[in-house]
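**Q** Before we start, here is the structure in question, set down as structure tokens.
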Amino acid sequence: MMFYCRDSELEKMNRRYDNGQFECIVIYGRRRVGKTALINEFCKGKPTILFSALDSTEQENLETLSRAVFAYKYPGSDMGARFDTYEDAFNEIGRIASEERLVFVIDEYPYLAKAKSAVSSILQHLIDHRWVHTKLYLILCGSSMSFMENQVLGHESPLYGRRTGQFKIEPLNYRETAVFHPELSEEDNALIYGITGGVPHYINKLGVRGSVDDALLENLFDRSGYLFEEPENLLKQELREPAVYNAVIRAIAEGASRMNEIATKTGTETGPCSKYIHTLMELGIIKKETPVTERPGKKTIYLLADQFFRFWYRFVPKNIIAVASGRIGETYDRAVKAHLADYMGLTFENMCRQYLLYYAEDLPIAMCDLGQWWGTDRKTRRQVQIDIIGCPAEGSEYIIGSCKYKKEKTGLDELERLRSYAAVFGKGSRYHYYIFSKAGFTEGLENAGQRGEVRLVTLEEMYSMS
């Protein structure tokens, strides 16, 4: 399997490796995002002890750690020896690292900490008194982001201040996702991003070899397909009450966005519902949003942050009978494909924000914040939503943007609408308008663009590397 798009992290990790000094690198991020693939790529050609902790007992983890150490010391042998204590195993790793550069990886560190509660204190003592004088390159990796942020990086952790570097591994952005399928059109790659959310594991499991539709029918809308059971498996793996969390996710996928709406739809009290939502936010499945420039409060809404969960819950439950009976192929065009452009609306907004953050040239302002905004037009008493607000680092000039993922060209009326919405927003002295459109623009809007009234960006331009 090819390794893509983590060149920056890899280069920084290798630079630290080359210095020959003790390092403690913390790597964390949601499941499936590519942490282990990054570590495996980094460890190629380097002396490495790789210990993948188990969600099991203290004793079984010690046996697994022992096997990893002895496999490094005596490669090819089938020794059944094990260390009596974790301290003995760690001391042997330190002894080896005093003589040679050694990478020691503890993958799924939260599992080890759960099995052996004192392990963080043990590692802290070793780092302070022994390992800091060795050539050890320690990597602590975990998928539980709340644990890694609080129990490893947090100031109350015994390991606080011991790390020499940390990497939070995020899903790939829309343009990085396209690296997996450079032969496909921009629209197909946008759809793949909308389905997978840039998670490398999902991109690989989707397995597009030509048609995205065929890949969906084979690997997602099929009971034997890996992706069909992925949300359920992930929830079972992470949570004690997967059924309740499933109901919360489904409620949000079906349009409930405020706490009381979600609680009502799931039949739970607001207090417990708030805890469920908080847990799903820690897993990166849900996010909360507030209109940019405003403080969290009554306008706070909850959305599905995980694109794959958003896609799955949008299309699988309502088509489950067709999937179970093997007839989804007969209904796919009208039950799924006909609704993909509508589904891609939120994804496209996210892509447009990424474009402004990472790829747009000659931005009119230096941005300090970027997001969406919504509020009430006092004149019409109607709700107004602006897809993109780019806030200035200084001054009072704003970027105001609109994102259209439709098959019809976007016309001059969209610019007029954007101007009226900007007046409702009302916080700036000057606005720079951007309109993004999958299908392009009418002649009237293009003329406005040539006059400098608005910046027009096509899907093709968003993917252009020039």
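**Q** With the requirement that a residue be without any contact (Cβ under 8 Å) to a residue 24 or more places away in the chain and either crowded, with 16+ Cβ neighbours inside 10 Å or in contact with a helix residue (DSSP H, G or I) (Cβ under 9 Å, 6 or more places away or on another chain) (or both), what does the range 386-418 give you? Please lay out each step first, then the result.
**A** Pass one, the range 386-418, residues without any contact (Cβ under 8 Å) to a residue 24 or more places away in the chain: 413, 416-417.
Once the filter is applied, which keeps residues that are without any contact (Cβ under 8 Å) to a residue 24 or more places away in the chain and either crowded, with 16+ Cβ neighbours inside 10 Å or in contact with a helix residue (DSSP H, G or I) (Cβ under 9 Å, 6 or more places away or on another chain) (or both), the range 386-418 yields only D413.
**Q** Please tell me if V33 is touching an Asp or Glu at 6+ places or on another chain (Cβ under 9 Å) and in contact (Cβ under 8 Å) with a residue 40 or more places away in the chain. Quick ask: steps written out before the conclusion?
**A** Values: touching an Asp or Glu at 6+ places or on another chain (Cβ under 9 Å): yes; in contact (Cβ under 8 Å) with a residue 40 or more places away in the chain: yes.
So V33 fits the description; yes.
**Q** Among the residues of the range 417-445, count how many are assigned to a helix (DSSP H, G or I) and closer than 16 Å to G401 by Cα.
**A** Taking the range 417-445 first, the residues assigned to a helix (DSSP H, G or I) are 417-425, 443-445.
Those still in the list that are closer than 16 Å to G401 by Cα too: 417-425, 445.
Number of matching residues: 10.
**Q** Could you please let me know if A81 is out of contact with any Ser or Thr (no Cβ under 9 Å at 6 or more places or on another chain), surrounded by fewer than 20 Cβ atoms within 10 Å (Cβ to Cβ) and among the aliphatic types (A, V, I, L, M)? If you could, list the steps in order and put the result at the bottom.
**A** Numbers: out of contact with any Ser or Thr (no Cβ under 9 Å at 6 or more places or on another chain): no; surrounded by fewer than 20 Cβ atoms within 10 Å (Cβ to Cβ): yes; among the aliphatic types (A, V, I, L, M): yes.
The answer is no for A81.
**Q** Additional query: Among the listed residues Y398, Y332, identify the single one that is at pLDDT 95 or above and either in a loop (DSSP other than H, G, I, E, B) or assigned by TED's automatic domain parsing to the domain that holds T293 (or both). Reasoning before the result, please.
**A** Values: Y398 fails: either in a loop (DSSP other than H, G, I, E, B) or assigned by TED's automatic domain parsing to the domain that holds T293 (or both).
Exactly one residue qualifies, and that residue is Y332.
**Q** Pick from E170, E149: which is crowded, with 17+ Cβ neighbours inside 10 Å, modelled with pLDDT under 95 and among the acidic types (D, E)? Explain how you work it out, then say what you get.
**A** Details: E170 fails: crowded, with 17+ Cβ neighbours inside 10 Å.
Going through E170, E149 in turn, just one is crowded, with 17+ Cβ neighbours inside 10 Å, modelled with pLDDT under 95 and among the acidic types (D, E): E149.
**Q** Within the range 443-455, identify whether any single residue is surrounded by fewer than 17 Cβ atoms within 10 Å (Cβ to Cβ) and touching an Asp or Glu at 6+ places or on another chain (Cβ under 7 Å), and answer yes or no.
**A** Within the range 443-455, not a single residue is surrounded by fewer than 17 Cβ atoms within 10 Å (Cβ to Cβ) and touching an Asp or Glu at 6+ places or on another chain (Cβ under 7 Å).
**Q** Give me the pairs: first residue in the range 427-455 and farther than 23 Å from D342 by Cα, second residue aromatic (F, W, Y) and not in a helix (DSSP H, G or I), beta-carbon distance under 6 Å, and six or more apart or on different chains, which are they?
**A** Qualifying pairs under 6 Å: G428/Y398; Y431/Y398; V454/Y433; R455/Y434.
**Q** Here's a follow-up. Quick one: is R310 charged (D, E, K, R), out of contact with any Lys or Arg (no Cβ under 8 Å at 6 or more places or on another chain) and either in contact (Cβ under 8 Å) with a residue 12 or more places away in the chain or buried (at least 18 other Cβ atoms within 10 Å of the Cβ) (or both)?
**A** On the way: charged (D, E, K, R): yes; out of contact with any Lys or Arg (no Cβ under 8 Å at 6 or more places or on another chain): yes; either in contact (Cβ under 8 Å) with a residue 12 or more places away in the chain or buried (at least 18 other Cβ atoms within 10 Å of the Cβ) (or both): yes.
It is true that R310 is charged (D, E, K, R), out of contact with any Lys or Arg (no Cβ under 8 Å at 6 or more places or on another chain) and either in contact (Cβ under 8 Å) with a residue 12 or more places away in the chain or buried (at least 18 other Cβ atoms within 10 Å of the Cβ) (or both).
**Q** In the range 280-302, is there at least one residue being buried (at least 16 other Cβ atoms within 10 Å of the Cβ), closer than 17 Å to E232 by Cα, of a type in the set (S, T, Y) and out of contact with any His (no Cβ under 6 Å at 6 or more places or on another chain)?
**A** No - not one qualifying residue is present in the range 280-302.
The values are calculated or read from the model by the stated rules, or taken from the named source; none is laboratory data. Everything numeric here is computed off the predicted structure, so don't read it as measured data. In this analysis, Cβ positions are derived from the backbone assuming ideal geometry, glycine residues included, and neighbour counts consider all displayed protein chains.
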